[in-house]
Structures are given as C-alpha cells and as structure tokens.
Amino acid sequence: MALTRRSIHFDLTRADVLASGHVQPDPSLCVQCGICSYNCPLGLDVRDYAWRGAPIFDGQCLTCGQCVARCPRGVLAFARTGMAQQVVPLRPNPKD
Amino acid sequence: MAADYVIVGSGVAGIAAAEALRARAPGASITIVTEDADGFYSRPGLAYYLSGTIPEKQLFLRSQADLRNLGLRWVQARATQIDVVGHRLVLADGRNLTYDKLLIATGARAAAPDCPGGDLDGVFTLDTLGDAKRLVRKANNSDQAVVVGGGITALELAEGLHARGVNVHYLLRGARYWSNVLDAEESHLVEDHLRSDGVELHYHARVRQALGKKGKLIAVETDSGEQISCQILAVAIGTRPHLDLARAAGIKVDRGILTDAYLRTSAPDILAAGDVAQVYDERSGIASLDTLWPTARAHGEAAAATMSGAPAPYQRTAAMNVTLIANIPTTIIGALGSGSDEDLVAIARGDSESWRGAKPAWVIVEQHEVNRVRLMLGERTISGALVMGDQTLSRPLHRLIAAEADISPIRDALLADQHAMPQLIAAFADEWERSHAHNA
Ligand SMILES: Cc1cc2nc3c(=O)[nH]c(=O)nc-3n(C[C@H](O)[C@H](O)[C@H](O)COP(=O)(O)OP(=O)(O)OC[C@H]3O[C@@H](n4cnc5c(N)ncnc54)[C@H](O)[C@@H]3O)c2cc1C
Ligand code: SF4
Ligand code: SF4
C-alpha cells in the first residue's frame, strides 16, 4: 500500500522535476548496494554519483525517478536545480 | 624515496583509504592485503543479493579496471602478525611486507552461533559474498529455515530467505523485536508486517541446540522442548571486530582497536579504521564502535590523511541509518533506546553504540498508521529521532540533531501538542536552514 501511495505522489512530483529538477544524492546514507544503477533505464551509474555526492546533471537523465523510488536508503531525492537546499519531498504533507 | 603504505583489508575502509592515499601521494607504493578472494564489494548489498533484488555482479562498485588504475599492489593472503619494531607485516604464506605506515582495516565478523550443534552443515552467518552465495544455493533447495538474532541483519536474513521461497521461523528471545532501539509500538509495527508477509514469529524462544543427521542440520530444539524442522539456521547475534592481529602485536584494544581521533593506534605508524576501530571522539570524550558503511568509509579517508602527513581528525556526526525494516522505510538518528537486547550478544550490523546512549528525555510520538516519528528531546536540543514510514522529516531532523540546534523556541509547543509535531519541526527546520545557510 505504501508503495502505491508513493508512486502516485511520485508522478505528481515528477512533472515538476522534469521541468526544473535533478536527482541529488546524500552520500552519508549510501551503502553502495547498486540498486539505483541496476534500475536506471538509461544505465547511468547513479551509485557513482552517490559515492561522490554529486548531483546528476547528466543530460541523459530522464528524471524518471526509478533510482529515487528504489533506493532502500533514502539517499536520492529530487532537488530543484539552482536551489540546492530545497529538497522536494516525495510526500510533502506527512499527514496526508 | 616514495612512501610504502600497506593496508590490511579490502572492505570500504581499506579501499577508501587507498583511493585517498593515491590522490594525495601519486608516487607512493600502496599494497592491499586481503583474505577475501572476492575483493571489494558492497557488504550491505549482500542482503539485496540474498533477496534476489540485485544480481551478484551488481555488488562490485569498482571494476577491475578501476582498481588497476589506482596502481595498487594486491596481495591475497591472510595477515597473521605484525613486527611493530621492524615495521613488517607477516602473512600466513610466510611472506613479509615492510611498511612505512600500516592500516588495519580488518572489519568485524558475525559472532558465532552460541548453541550446541552450531557447526552443523546448514548453520549460517552472513559476512562475506562467499557466505551469501552458499546461503542462496542452500535456500534454493530448502523449504524451512530458522532465523535467530536481532537488529537489521536478522530481519534481512528472514526476509531474504522468505523471498527465496523458504518458510521462515524467526525466533526472538524476548517479547519483541530490537527492543533496545525501537519502542514497543515500533517493534509491533515491524512484527505485524513480517507476519503479514508470512514469516512465523516465535517469542521467548531460545535455541537449546541444533540437531543434525550425518553432520547436516535437520531441526532446532528450543528451550521449551519444541522442535522445528529446518535445513537452514541463520544466525545474526551481533558482530565482533577482528582483533587478533592487533592483540598479538600488543596494540591497545578494548572492544575494538583503540585509536585517537586521527585513527592512530597505540603503536607507532599503525592506524586502524572501519568496523575494527574504536575511535576516540574529542567532543564527547568517548571511544565507540560503529558497524556502519559510511562511517567505515569516513574512517578510511581520515586515516589516509594521517598516513600521508596531513592529519585531520575524524569528525563524528550524529549516527544515522536509513533502511527498510520489514519494508517500512525507517530512519534512526542519534541516541534513541537504552539498555541491552537479549537477541544480540554484541553490536549489530548497521548499528551504532551511540544509539543506546539515550539520556532520560521526553519522548514525543506522532503516529499515522505506518507513519511514525519519535523524538528524544533534551533540555535544549533533540538528541535522537526515529522516523518510520513517511520520510519527509528525516533529513531536517538529521540536520537539527547533528548541529545540536537549539530548539528551545518550539520545545514547549512540541510537548504541549504531539500532533502538531511534524508541522512544528518542518517549519522550524526551514527557518533554521535559512538562518544557517551561510554556514552550510
Ligand atoms: C549483511 C550485512 C548487512 C549490513 N547492513 C548495513 C547497513 O544497513 N548499514 C550500514 O551502514 N552498514 C551495514 N553493514 C555493515 C557494513 O558493511 C560495514 O560497516 C562495513 O563493510 C565495514 O567496512 P570495513 O572496511 O571496516 O570492514 P569489512 O568490510 O568487514 O572488510 C574487512 C576486510 O578485511 C579482510 N581481513 C580481515 N582480517 C584479515 C586478515 N587477518 N588478513 C587479511 N585480510 C583480512 C576481510 O577479508 C575484508 O576484506 C552490513 C554488513 C553486513 C554483512
Ligand atoms: S540504491 Fe541507494 S544506497 Fe544503494 S547505491 Fe544507490 S544510492 Fe546508494
Ligand atoms: S532519474 Fe531515471 S534516468 Fe535519471 S538517473 Fe535516476 S533512474 Fe536514471
């Protein structure tokens, strides 16, 4: 159930991110399991970005959110490009 | 003459140190000594390999070419002794390696099963890729497994085996799961999820002995005399640092190898990093053990700085782990529970001793079905938090806890109305980020 709720919300945030966002890793949480890279439809090495703590500014990234959704450690989040501090939460209202 | 660095261990602490050393000292000789034929891979990832989420090859985060490009000398052997005065490392095959600086990054191993029959074929612990491969092979032709232990690894074993189609009995020694970190409510949430997935939970159950036939496990017998037939007994009762090398060399050890904040041990030119190291924290005045991947990496990088002559202290931050516990996203930050857990004889994997340093504090709870936030409130700061389900608050909370932010402006409001807590924290964290943005 949690997953369904998450994916619905995901589609909503995605539209926003496609226009103005990128994937931002937090390396302090990453255990380098490789699930993100394994699920990236374009074969981007998301895990390597996570090791370096580098935002995924690769022009190929579709911001499809597969890596964000599948990371079991909450390492990856969508951030608005140019506003590094502002992280777009998957579900903005914890009470929804 | 270029320096001669020797690193024992090809885990994340050892490899992070090697990469940092190479960046700092392009001409240095760097040798990795490891007994693991599989080299360097994501150890936490083993749980996802076990459950079939990723294939084996995905565990390797560095390719052969990456490692070659680092210009390392790779020695596959067990290190058995250190000649501290002669600056020599002795290997099991009789070879000797001289060093200018030696890093011990030998990690920790799972504590051995503590019941009779623990050596039967079919009894497993999970440390290495080799262990994981053997367990997967066994799971593919087994129908019943018993899992004992606590913490995240025991759950990962239970869920991984279940995902492989094995019927799993999870034995808990006490009344609930991970009682020294989770509160009763949280334990029950996890247990409910496990049960609904089809894992059978047994409470107040201890393994008296593992029973075998011709050396092969056929059942476990519990304290109450009940016999559960099984082909697999998977044990995760905690970890123990590999201390033999250090002990034999007369290096000071406690539960781990004792180091200062620069990762230096009591012996000259010998450092320790990762799960094996018990690192002194200048701020708290305490030396503690962690079994966390990101911490081991940070240790390795700090050790490399010291080894290359540019020491910078390892800065402990509020320990944080995010993981799926029985499929519920869960973040544990800072100091939470207290006391001990019967299911563990030593620190669990993905665990930090600092999570049990909780001082008496107000506990605030906000819960919505599977969404739950628990805060440990000190006089002026938040000392720990547990976020289950919705993870919106985990990053802001980590920032506030790590920075020991003064939360007095909202403390009374937090205590007055628990339901307002998420909004209060979110708004306060936003405001705090804005006013501290220039320091970030
Ligand atoms: C199943 C599992 C789940 C985990 N889950 C998490 C998690 O959720 N979150 C988290 O943060 N961490 C988790 N961890 C812990 C994490 O993997 C460790 O903290 C991390 O790997 C420690 O790195 P290290 O380099 O210190 O030691 P290790 O990775 O243990 O590496 C030690 C190395 O030393 C070698 N070695 C040891 N003794 C000798 C010797 N005498 N001679 C030669 N070589 C030797 C070993 O072969 C190995 O290569 C988990 C671990 C396991 C096994
Ligand atoms: S899935 Fe998450 S934890 Fe695993 S490597 Fe990718 S970012 Fe790191
Ligand atoms: S958002 Fe999609 S395309 Fe971009 S890195 Fe992640 S999985 Fe790959």
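The values are calculated or read from the model by the stated rules, or taken from the named source; none is laboratory data. None of these values were measured; they are calculated from a predicted model. Positions of Cβ are generated from backbone atoms using ideal geometry, with glycine treated the same way; all protein chains shown enter the neighbour counts. Protein only, heavy atoms only, side chains kept; ligands, DNA and RNA dropped before computing areas. Shrake-Rupley method; radii C 1.70, N 1.55, O 1.52, S 1.80 Å.
Cβ separations smaller than 7 Å between residues 6+ apart or across chains give the following pairs from region A:49-67 residues that are assigned to a loop (DSSP other than H, G, I, E, B) to residues that are away from ligand 1 (no atom under 16 Å from the Cβ) and among the charged types (D, E, K, R): A:Thr63/A:Arg14; A:Gly65/A:Arg14.
Per-residue answers, yes or no, for (1) modelled with pLDDT under 95; (2) under 27 Å from B:Thr128 (Cα atoms):
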residue: B:Ile237; (1), (2): yes, yes
residue: B:Gly250; (1), (2): no, no
residue: B:Leu271; (1), (2): no, yes
residue: B:Ser284; (1), (2): yes, no
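Scanning region B:267-294 for residues that are among the hydrophobic types (A, V, I, L, M, F, W, C) and open to solvent by 40 Å² or more (accessible area, probe 1.4 Å) turns up just one, B:Ile286. Residue check: B:Ala65 meets all listed conditions (1) at pLDDT 95 or above; (2) outside any loop (DSSP other than H, G, I, E, B) but one, namely (1).
The set of residues in region B:374-398 that are of a type in the set (A, V, I, L, M, F, W, C) and either more than 13 Å from every other protein chain (Cβ to nearest Cβ) or not in a strand (DSSP E or B) (or both) comprises B:Leu375, B:Met376, B:Leu377, B:Ile382, B:Ala385, B:Leu386, B:Leu393, B:Leu397. Within region B:62-78, at least one residue is touching a residue at least 40 places away in the same chain (Cβ under 8 Å) and within 16 Å of ligand 2 (Cβ to nearest atom). Listed by position, the strands (runs of 3 or more DSSP E) inside region B:121-232 whose residues that are in the same structural domain as B:Tyr48 (by TED's automatic domain parsing) and of a type in the set (A, V, I, L, M) number at least 2 form an empty set.
Scanning region B:33-45 for residues that are more than 9 Å from chain A (Cβ to nearest Cβ) and more than 13 Å from B:Gly14 (Cβ to Cβ) turns up B:Ala37, B:Asp38.
For region A:61-74, taking the residues that are closer than 10 Å to A:Cys36 by Cα and surrounded by 22 or more Cβ atoms within 10 Å (Cβ to Cβ), the one that is farthest from ligand 3 (Cβ to nearest atom) is identified as A:Cys71. Considering region B:16-32, and only residues there that are in contact with a helix residue (DSSP H, G or I) (Cβ under 7 Å, 6 or more places away or on another chain) and not in a strand (DSSP E or B), the residue that is farthest from the other protein chains (Cβ to nearest Cβ) turns out to be B:Ala28.
Restricting the first member to region B:111-125 and to residues that are within 23 Å of B:Pro241 (Cβ to Cβ), and the second to residues that are open to solvent by 20 Å² or more (accessible area, probe 1.4 Å) and in a loop (DSSP other than H, G, I, E, B), the beta-carbon pairs closer than 6 Å and six or more apart or on different chains are B:Ala111/B:Val345; B:Ala111/B:Ala346; B:Val123/B:Pro113.
Just a yes or no: is a residue in region B:84-92 modelled with pLDDT of 95 or more, farther than 23 Å from B:Leu289 by Cα and among the charged types (D, E, K, R)?
The answer is yes; a qualifying residue exists.
Tell me, yes or no, whether region A:31-46 has at least one residue that is closer than 26 Å to B:Glu433 by Cα, surrounded by fewer than 13 Cβ atoms within 10 Å (Cβ to Cβ), away from ligand 1 (no atom under 16 Å from the Cβ) and modelled with pLDDT of 90 or more. For region A:31-46, residues closer than 26 Å to B:Glu433 by Cα, surrounded by fewer than 13 Cβ atoms within 10 Å (Cβ to Cβ), away from ligand 1 (no atom under 16 Å from the Cβ) and modelled with pLDDT of 90 or more: absent.
Apart from one condition, A:Cys71 fits all of (1) within 20 Å of B:Asn327 (Cα to Cα); (2) more than 7 Å from chain B (Cβ to nearest Cβ); (3) modelled with pLDDT under 90; the exception is (3).
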